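The structure appears right after this line, and notes come after that.
Laboratory data are not the source of any read-out in this text; all were calculated from the coordinates shown. Worth saying up front: this structure is predicted, and the values here are computed from it rather than measured.
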Amino acid sequence: MADDLEREQSGAAEEVSVEQQLARTDESAAAEQARADADEADAPPTDEQAPGEPRPLDDVEQELLARLERELGDGVVESADAFGMLVVRVKPEAWRRAAEVSKHELECDYLSFIAGIDWQPAPREGDEAGGDTSSPVQPTEMTFGVGGSAGRMQVFAHVQSTKHHWGVTLKTDVDEGHPHAESWVATYPGADWHERECWEMFGVAFDGHPSLRHLYLPSEFEGHPLRKDYPLLARVVKPWPGLVDVEAMPGEEDGNGAQPAAAEAQSADAQSADADEEESS
Amino acid sequence: MIELAVNVGWGTILAIKTIVVLAIIPLGAIILGYVFLLKMMAHMQSRLGPMDPGGFHGWFQLIGDGIKFIQKEDVMPAKSDRRIFAIAPAVVVISTFLVFLVLPTGPDLVVSDLDVGVFYALAVSSLSVVGVLMAGWASANKFALLGALRAAAQLIAYELPLLLAVVGVVVMAGTMSLQGIVEQQQNGAIFGWDGIGNPFVFAQIIGCVLFLVAAQAELTQTPFDMPVAESELVAGYMVEYTGFRFLFFFIGEFGTAFAFAGLAATLFLGGWAIPHVTDPGWSNVLGPIVLLTKVMLVAFLMFWVRFTYPRLREDQLQAVAWKFLIPIGLANILITGALKVAF
Amino acid sequence: MPKFPKPKAPGLIGGLGVTFKTMLKGAVTVQYPHEREDPPTRARGVIALKEENCTVCMLCARQCPDWCIYIEGHKEKRPPRREGGRERTVSLLDRFDIDYALCMYCGICVEVCPFDALFWSPEYEYSESNIADLLHDKEKLGEWMETVPEPEPLEVGAEGKK
Amino acid sequence: MSVDFAVDRQAWRHLADAQVNVELDTGDMILNLGPQHPATHGTLRLVVRLDGERVVSADPVIGYMHRGYEKLTEFRTYPQVTTLINRIDWLSSFANEVPFMHGAELLMGIEAPPRAQYIRNILTELSRIATFLLFLGEMGLQVGALTPPFYGFRDREHVLNLIEAATGGRFHPNFNRIGGLKDDLPWGWVNECRNTMKVVFDACNTLEELVAENEIFQGRTRSIGIIPQEVGAGYGVSGSNLRASGVDWDLRRDGKPYLVYPDLDFKVWTHPDGDSYSRYWVRLQETREAARMVVQMLDRIPSGPIMAKVPRIIKVPEGEVWVETENPLGQMAYYVISKGATGPFRVKIRSASFSNVSILPWLLRGVYVPDVITILGSLYFILGDIDR
């Protein structure tokens, strides 16, 4: 049966390919076509979500949320939309049940990933971190993203339906002192590796996981690298080469030349900003 | 040659022949290796192969490789069975050497024209399995062991179709002497037409194909190269070998290919014989050249298949032998025998 | 039960045909030391430095994700451009090293350079047997300026770069 | 006469959970495939427990190439991240850039101009062709044929030349910018691309004749490594691997619209069997389909700018976005969390191979050693995509 199907399909493939191969290669014709299409392409912009502004849930998301709430009851803490994707935060006790509900009620049979988030801002080491002033500066107070959080650590997962093509992101809070969450392995076998990764990267234990052992790192590795307080050693051991190292002219020591490096770095930035107009266009 | 034998005596001429055969093995290996492994494969893969060594199309490449191998350190794994490990490559090469002893390249150019030449050749060629097993076991390596066991199972399974394929020829020729088989083909006629003699490839086409398939398996060439299976077992029983011991295996592999191509050419293509040239002097001179041409033809077929096909799995390999080749071989003998009796 | 799908055996024979046909065609390989391939104009082979244009602004070193550019400079007084003008202060390069062992060839430095001092060259033959030798100084980077090609014209329908 | 290479199609049901060969306990052998092994193309290590040549259990050991990209992204600005994520799946780097750029653009509320979208899409499909051509050849090597990989490499070269001519990088284009592209196409590229697509069609035909139609290849791959739909989905197997199991799900068509896929006319290929052969077959068809899409887009490519208006210093507003795309290897997705800085706060990189390989312990139980290689080959993973 499969063979017949295949032959049929590949036969069809042959036809189209020949046709396509015969497509004109004449450049002027193509260019003309391109110009014609360019006019059409000035379509109205898509319904973009304005940055920072929450968007109401659409019908599919409403439906998914309704099903989740029906099954989990008050296990659902908060829900929000992030660019067309439903984010639902559930209570830690309802985490395993959330997986079962997703799989059976939401028909999300496909596990995309499970991972952790550490919402704590990374400590700025400034000059200690090799003097680096180039790394992005994140806000210093702890804020939580879509769906909120009760504390520093969270576990989140994304499941999808291969049939209905919808998906949902589930989040749950994890106790900071004793980080642990319920395991999803019984529902989604693919959770195995994801949870192992999350365990070694964030130190979140998964109750009911068959064998929590290291996945990426050697078994004697200590620490949880993806936590924000874990330093990136490569940026600490080496001095930042971006520090301004322009020897001042003799007699100028007390003037411009002796500016603190960081200040001068900024001035250099500003100076180049003027000259760098073409970047912005 | 004959005068020489009169003058220098039997012992000396045997020594000379042995030395010649000893030289033929690496020479044949180099020829096949260069022409097919380096050049033909390269061109089949849109490459050129080695171009620099030796100036002309890299002809020196394999010789240079050989020199390199000899210079290399002789490494033995710490836990290997050192003596067996050392002997194994030699066993493989010796089995090749023994095949060449009965392979005629002219009316007089044969070390020993045994009456049971075919039988002997096939018997000694399977000795190499002992060497392979020794190598696999002595390496103290799991990949090597797996490879050796696969090789043993495979070589034993394919002895039978090989033999059955040859029986048809033996029935037609009425002799097991390789010289006799060659003469039969030279003097025979196809339905009364004797323009090219009667190469058994026409009457024994099934046997010929069977022989080539089985020979491919005996040589552990694709599609039957599970023992060395580069993508699975890395290099099978050869995995721990380096330097000149690996060189021995290489010579053994291609020398055996040369020998089997020679056997196939002799059994099915008429060997050294040139139809209507009955003068032994001319035959002695031209015979080796004719045989070499035929050997290259057969080898081309074998290597063409080798570079084109994927490899079977172990159980499929056995299935091919027992469910496919052996029944056909038996049927072939039956038909040949019946026709022989009928005509 | 999956058996051989077709009673005819074109697969095995067809495969032999493919390899045989290829054998008769020419090779596609380039015999490297004897003949060379020309990389396209845009190929990111190596970064060349036009030293005159550099003002030691450190932007490239600062934007480099791998921290592989090392710059040192000093300031000098220069006579004014016009008669009676003010004396100018210029920054001059003392050191401009790129560690090609660290470089990821992303091209950010070339893009951020406001004074067109850095260029991509398709040159690729600068391998070294020692990894430390891949740290190239400004003289070496300057030599590569000769290999920087002219920018090529753009495809039909492209807007010219502003 | 034909030889029956058939294996019981339902064998996985018996073998997967039953302990193999209990009554004839010959003692297990632990074989270490990798990290340096020709079949694991990279540094995947498989600890395989063998009973004879049959696999009792297999445990993949990964992490030999772990580079910690999720950590590194937190120390880099958005433009600097592009050059990192190039190296996740290095065979189709351009396709890796697209979802990240798309995510950042969503967060910033800007959209790349149509011409840029088209060029992005063409290059994404080209990288798909390059990846699959290599696979189509390399799969031959996994089952022991020496010649097909060379054809794969040879024909992929044409595509790589195209990518290099446009982006300047053969493997790591780094061509996407937030809001568009670094540069427009060079003169004559469109024509060159059209000609190359003919080469691609030829290459597909050649490889089909040499590999897919070969009876030995079919005997080696049919009924081997069957992934049932529900198991595959549960493990997160995606892309061609899942479509080969009959799941009609392609993010180019079914996901949130990205690039110009909604405008294109293409077919999503599926195969009902779910075995190694069907994975090969689906990728073969997808290569052709991709080439057809490229030809379509070449005809339609609009003129215009290639960069939207973007601020010089890119600061991405606070927010979270999940962007998924159909990469050659499967679902490639980024969960980008921004806190309004010049760099991301956290990026979860959901790479396809990681999940595709996580099914191996389940899939390899009860198969023979040669089939381990076939299955590894047909799943088609890139180590950088597993380890990140």
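Axis of helix D:189-207 versus longest Cα principal axis of chain D: the two differ by about 10°, to the nearest ten degrees.
What whole number of Å gives the distance from the Cα centroid of the range D:226-299 to the Cα centroid of the range B:301-343? First find each Cα centre; the distance between them is then 41 Å.
With N as its number of residues, the range C:46-147 has a Cα radius of gyration that, divided by 2.2 N^0.38 Å, comes to 1.18.
Normalised by the number of residues in chain B, what is the relative contact order in percent for Cα pairs under 8 Å and 6+ residues apart?
On the way: 541 pairs, mean separation 79.1, N = 343.
Reported relative contact order: 23 percent.
Expressed in units of 2.2 N^0.38 Å, where N is the residue count, the Cα radius of gyration of the range D:33-96 is 1.54.
Rg/Rh, computed from the Cα trace of the protein assembly as shown with Rh as the Kirkwood radius, has the value 1.03.
Around the amide H of D:N327, modelled in the peptide plane, lie the amide H atoms of D:M332, all under 5 Å away and 5 or more residues distant in sequence or on another chain.
Under 5 Å between amide hydrogens, built in the peptide plane, is the criterion, and for D:S57 it picks out D:R49 among residues at least 5 positions away or on other chains.
For chain B, the longest principal axis of the Cα atoms and the long axis of helix B:82-100 meet at an angle of about 20 degrees. In terms of its alpha-carbon gyration tensor, the range D:39-177 comes out oblate; a/c meets the 1.5 threshold, while b/c is at least as large as a/b.
In the range C:46-147, Cα pairs under 8 Å separated by at least six residues give a relative contact order of 39 percent.
Which value, to two decimals, describes the C-alpha radius of gyration of chain B once divided by 2.2 N^0.38 Å? Walk me through the numbers on the way to the answer.
On the way: Rg = 20.4 Å, N = 343, 2.2 N^0.38 = 20.2 Å.
Against the empirical 2.2 N^0.38 Å value, I get 1.01 for chain B.
For chain D, the longest principal axis of the C-alpha atoms and the axis of helix D:93-108 are separated by about 50°.
On a straight-distance basis, which lysines could pair with A:K238 in a cross-link, Cα separation under 28 angstrom, same-chain partners fewer than 8 positions away excluded? The qualifying lysines are A:K228, C:K50, C:K75, C:K138, C:K140, D:K71, D:K315, D:K339, D:K348.
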